1. Give the residue that is nearest to G19 (Cα to Cα), with candidates limited to residues of the range 68-91 that are of a type in the set (S, T, Y) and not in a helix (DSSP H, G or I).
2. Take the range 49-67 and flag every residue that is loosely packed, with under 15 Cβ neighbours inside 10 Å and not in a loop (DSSP other than H, G, I, E, B).
3. If you go through the range 29-42 one residue at a time, do you hit one that is assigned to a helix (DSSP H, G or I), β-branched (V, I, T) and surrounded by 12 or more Cβ atoms within 10 Å (Cβ to Cβ)?
Amino acid sequence: MKPLRPSHREKRRYLLLTGKDASQKNVEEAILKFIGILGFAKASPQFIKTNEAGIIMSINRSELEKVRASFLLSGKDINIKKVSGLIGKLK
């Protein structure tokens, strides 16, 4: 199978999440409550890794503002510390 051309790949953004309530379960709940199942599928969040700095998560670039809004409206302590197009810049 041939690899996808760069123009056909999904453009992703990497988020560094911090906060007292920043866990995989709480993040998924916050996104699902605000943008629903279809929006969750469009954002296609993937959890890359968890370390002492926080959680690194990737999402679809076009859904970044909706994901930001879902964290603000959730009422939980989940903060986006940094957003980057390259995962290496979050460390």
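1. Filtering first and then ranking leaves S74.
2. Listed by number, the residues that qualify are K49, T50, N51, R61, S62, E65.
3. Looking through the range 29-42, at least one residue is assigned to a helix (DSSP H, G or I), β-branched (V, I, T) and surrounded by 12 or more Cβ atoms within 10 Å (Cβ to Cβ).
No value in this document is a laboratory result; all are computed from the given coordinates. Quantities reported herein were computed from a predicted structural model and do not represent experimental measurements. Positions of Cβ are generated from backbone atoms using ideal geometry, with glycine treated the same way; all protein chains shown enter the neighbour counts.
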